[in-house]
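All remarks here apply to the structure that follows.
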Amino acid sequence: MSGARSAAPRGGDAAASPPRVAAWLLRQFLPRGERGDTVLGDLVEEWQARGGGRVASRRFWRQAVSVAIRYRWRRQSAYQPAPAGERNLRMSFDNLRQDVRYAVRSYVKAPSFTLTILVTLALGIGASTAIFSMVNGILLRPLPLPDPDTLVYANEVNASGRDRIISVAWPNYLDWRSRAQSFSGLALSREEPMTLTGIDRAQRLRARRVTGNFFAVVGVAPAMGRGFADADDTPNAPAVAVISAGFWQTQMAGDPSVLGRALTLDGTAYTIVGVMPAGFEYLRPYDVFAAMGPISGSGNISDRGNHNGFAALGRLKPGATLEAADGELRAISSALQREYPNTNSAVSARTDRLADRVVDSVRLTLLVLFGAVGCLLLIACVNVANLLIARGAGRQHELAVRAALGGGRGRLAAQLLVESTLVSACGGTLGIAVAAGLLRLLVAMAPEGTPRLGDVRLDAAALLFALGAAAVCGVVFGALPAFQASSAGGQHALVRGRAAGFAARSHRLRRGLIAVETALALMLLVGAGLMMRTLQELTQVDTGIRTDHLLTARFMLAGDQWTPARRLTFYDDLLARTAAVPGVGRVALAFSLPIDGSNWNSIFTVGDKPVPERAKLPSAAFTPVSTGYFETMGMRLVRGRLFDRTDTPDSPKVVVINETLAKKLWPGEDAIGKRLKQGWPEIPDHPTKPGAYFAPWRTVVGVVADVKFNGVSNETPMQVYLPTVHESPRSLALVVRSATEPSSLVTTIGSIVRDLDKDLPLFQVRTMEQMLDSSIARERMSMLIFAVFAIVALALASVGLYGVVAHGVTERTHEIGVRMALGAESHH
């Protein structure tokens with residue numbers, strides 16, 4: 001700039017003067033005195049140099065407005081100077097604005113460096129935000145129920161410990177409810193899928209059987225009509241149901257007069273008395289909630305020794321703790337053991353927070369994945385720090401010049417922090433986009449039945465997490481290279497910086513960070529390798545069956561019309577018609593399927609052994625199967641015979657057992673011809689009066705090889721197979737061995753079942769290979785995520801190592817040139 005000048009040229013006419021309004025505006029906001037005159041004079045000279053025409057006048061206007069705004073921001077006026085604190089604040093904002101502009105220009109000039117940092121941050125922040133969203137939605141976010149922290153989930157447990165959970169017997173629940181003082185309410189419920197009939201095509205509904213106080217304990221009342229009452233639990237009470245809002249909209253078309261209508265569920269007419277609010281869920285979405293009345297008077301339910309799949313839900317009283325409630329239920333269970341030793345020996349209780357029990361099956365997997373993604377984020381942060389340190393080392397001369405011109409270390413560090421924060425903010429923004437896509441992929445990959453999967457979304461908490469991760473990368477990991485690079489010492493650096501290898505200190509730091517980065521990447525690689533090894537072992541486990549070309553489909557014979565004799569007739573017709581379908585090799589029926597788990601676990605008594613104390617009675621998985629089941633599944637006969645046509649309803653009761661049971665009960669003996677009886681020892685083996693319950697002795701006629709029953713990773717339990725002619729359950733699975741693709745038979749088999757009974761839908765139609773895949777789906781998802789994280793981590797570590805080596809070579813270019821000038825060859 002020139003020295004002080006007058007505001008306008010003297011002696012000229014009006015045409016030689018700049019726009020008067022613009023000049024007046026400048027005089028209002030420029031500081032009084034020589035400084036303001038100098039700025040105005042420079043602007044006028046520039047206007048004159050541009051010819052003073054219309055274009056020059058427009059430019060003068062733009063400059064006048066810009067200068068006026070700037071000086072208005074920095075100062076109030078020359079007559080009223082701003083306080084020192086406000087001047088400092090304005091100066092800080094001005095410095096920040098300049099630093100941001102400079103940072104943008106510097107990153108634009110280094111596109112490769114900028115792109116590397118942005119990709120690194122986007123991958124690290126995006127992956128960690130996606131996994132955090134899973135953890136937050138499933139583990140951390142409160143259940144969508146009123147005051148969820150006071151809701152507890154209670155089960156009974158058997159003598160082997162608190163980790164062996166069994167369901168709650170109905171009479172025991174009634175005693176819990178009448179004696180417990182820690183709960184404001186204690187309800188009972190179980191999942192009980194039902195078949196809806198009386199419509200064009202029967203449907204399988206997801207239903208839950210609940211007690212009359214269930215909705216009161218949950219704390220949610222129906223949006224229409226009423227909930228249940230204690231009177232609905234009494235034996236032979238009218239059958240009533242409450243439907244979900246989704247079922248009301250889809251199946252009832254939102255009919256406002258739905259109350260009082262009847263639904264035929266499993267052959268029983270239930271009157272609709274209420275509709276739940278939209279969005280209400282308990283554990284998972286249900287279509288229907290059914291009252292206890294229709295079943296509470298049955299002998300199976302009222303028997304204290306039977307555990308029929310129920311679990312208790314309680315709400316703690318104000319001031320009551322989970323520990324106190326757990327201790328109280330265990331004390332009540334101890335009292336029931338003394339009062340009912342025949343049925344309650346060694347039966348205790350277990351109480352957990354409802355939120356903990358819901359996610360218990362996936363908690364460990366999610367926490368392990370969150371730890372892995374934390375390592376990935378740390379690798380990304382270390383890589384960014386390494387790149388910033390390398391960049392800072394390359395800018396030492398520039399920073400030394402700034403220091404020599406008066407720039408303090410704090411001012412230089414602030415500039416570098418602004419640069420790292422800016423690039424971290426951009427990386428965090430890209431990371432959110434990566435997280436959105438990755439989260440959709442994770443939800444799609446999640447195993448069927450993953451709890452609370454509907455609550456997983458990229459919400460405000462996830463965005464705050466991404467913001468925090470970006471702040472950590474920019475501020476925390478940007479601070480170290482910023483202060484390290486800003487330590488340039490003015491004249492010392494200018495004189496000796498280039499020759500003395502000024503950035504030598506950064507070498508040690510970068511090498512240390514690379515070592516940390518590589519170690520973390522190797523940790524993830526080892527974890528991925530272990531997960532791959534685990535998955536490989538699981539896929540190579542001998543299941544004991546042939547899983548190829550095997551189709552399974554379940555059905556349920558509900559209603560009083562299905563007498564035992566009619567069930568056997570239906571079984572025969574279904575097997576005969578299915579076997580006649582082209583492409584079908586073998587066909588059979590089974591109550592429980594391998595891999596899928598047992599539906600009937602029971603204690604039993606051995607005929608030739610002393611009866612142990614009740615707490616030590618053996619327990620096995622009992623599975624009724626039809627003739628041809630073992631051949632259809634491809635199971636190996638070890639000894640004896642399999643079920644055949646000689647087994648009739650009137651023939652002696654027989655069973656086939658697995659090797660595990662034979663070895664545990666008759667080690668070193670021949671199990672063929674031994675006898676066992678399902679149930680308690682005191683149950684009679686023949687009917688004492690018409691309709692009385694009895695448990696006959698059954699003779700072992702065969703031993704088969706073990707099969708994986710409760711998934712492929714769990715130990716094989718003791719198993720007892722019974723012929724369906726002696727035990728005819730209502731719920732069975734049809735098993736078809738085909739010579740063609742199993743899925744091609746689904747339509748044909750569905751038609752056969754509908755021809756036999758139009759109100760009998762098939763459900764859970766799966767191939768055995770699909771069932772096997774589902775059993776290891778969680779391990780497969782974990783392995784894939786670990787592998788992706790490990791590959792990304794290795795790539796980041798490789799980029800960091802390459803950057804350090806390349807930068808080191810660049811810094812030694814002068815040294816290498818001197819060596820070559822002295823005769824060193826390239827290969828040396």
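Before we move on, is D232 of a type in the set (D, E), crowded, with 19+ Cβ neighbours inside 10 Å and modelled with pLDDT of 90 or more?
For D232, the condition - of a type in the set (D, E), crowded, with 19+ Cβ neighbours inside 10 Å and modelled with pLDDT of 90 or more - is met.
Scan the stretch 601-649 for residues that are open to solvent by 60 Å² or more (accessible area, probe 1.4 Å), part of a loop (DSSP other than H, G, I, E, B) and under 19 Å from A671 (Cα atoms) and jot them down. Scanning the stretch 601-649 gives D608, K609, P610, V611, R636, R641.
Residues that are more than 45 Å from the chain's Cα centre (by Cα), surrounded by fewer than 19 Cβ atoms within 10 Å (Cβ to Cβ) and under 21 Å from A588 (Cβ atoms) occur in the stretch 650-665; there is at least one.
Every test in (1) open to solvent by 60 Å² or more (accessible area, probe 1.4 Å); (2) more than 30 Å from S348 (Cα to Cα); (3) out of contact with any Pro (no Cβ under 9 Å at 6 or more places or on another chain) is passed by A558 save one, and that test is (1).
Of everything listed in (1) over 16 Å from E191 (Cβ atoms); (2) open to solvent by 20 Å² or more (accessible area, probe 1.4 Å); (3) touching a helix residue (DSSP H, G or I) at 6+ places or on another chain (Cβ under 9 Å), the single unmet condition for A237 is (2). Go through the stretch 14-24 and give me each residue that's modelled with pLDDT of 75 or more and either open to solvent by 40 Å² or more (accessible area, probe 1.4 Å) or not in a helix (DSSP H, G or I) (or both). Within the stretch 14-24, S17, P18, P19, R20, V21, W24 meet the criteria. Screening F132 with (1) over 30 Å from I785 (Cβ atoms); (2) touching a residue at least 40 places away in the same chain (Cβ under 8 Å); (3) assigned to a helix (DSSP H, G or I) gives one miss only, at (1). Number of residues in the stretch 151-207 that are open to solvent by less than 10 Å² (accessible area, probe 1.4 Å) and charged (D, E, K, R) equals 1.
Is it the case that V701 is in contact (Cβ under 8 Å) with a residue 60 or more places away in the chain and either in contact with a Ser or Thr (Cβ under 9 Å, 6 or more places away or on another chain) or in a loop (DSSP other than H, G, I, E, B) (or both)? Spelling it out, it is not the case that V701 is in contact (Cβ under 8 Å) with a residue 60 or more places away in the chain and either in contact with a Ser or Thr (Cβ under 9 Å, 6 or more places away or on another chain) or in a loop (DSSP other than H, G, I, E, B) (or both).
Conditions (1) among the β-branched types (V, I, T); (2) under 27 Å from V275 (Cβ atoms); (3) out of contact with any Cys (no Cβ under 6 Å at 6 or more places or on another chain); (4) assigned to a loop (DSSP other than H, G, I, E, B), marked per residue:
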{"residue": "E156", "(1), (2), (3), (4)": "no, no, yes, no"}
{"residue": "N172", "(1), (2), (3), (4)": "no, no, yes, no"}
{"residue": "W176", "(1), (2), (3), (4)": "no, no, yes, no"}
{"residue": "Q181", "(1), (2), (3), (4)": "no, no, yes, yes"}
{"residue": "S189", "(1), (2), (3), (4)": "no, yes, yes, no"}
{"residue": "R201", "(1), (2), (3), (4)": "no, yes, yes, yes"}
{"residue": "G212", "(1), (2), (3), (4)": "no, yes, yes, yes"}
{"residue": "A216", "(1), (2), (3), (4)": "no, yes, yes, no"}
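Whenever a residue of the stretch 38-67 is open to solvent by less than 40 Å² (accessible area, probe 1.4 Å), its partners that are outside any helix (DSSP H, G or I) and of a type in the set (D, E, K, R), lying with C-beta atoms within less than 7 angstrom and at least six residues away or across chains, give the pairs T38/R5; G41/R5; A56/R50.
Name the residue that is nearest to L676 (Cα to Cα), counting only residues in the stretch 705-732 that are part of a loop (DSSP other than H, G, I, E, B) and either open to solvent by 40 Å² or more (accessible area, probe 1.4 Å) or of a type in the set (D, E) (or both).
The residue in question is E727.
The values are calculated or read from the model by the stated rules, or taken from the named source; none is laboratory data. These numbers were taken from a predicted model, which means no experiment stands behind them. Please note: Cβ atoms are built from the backbone with ideal geometry, for glycine as well, and neighbour counts cover all protein chains shown. When the accessible area is computed, the model is the full protein with side chains, heavy atoms only, and any ligands, DNA or RNA have been set aside. Shrake-Rupley method; radii C 1.70, N 1.55, O 1.52, S 1.80 Å.
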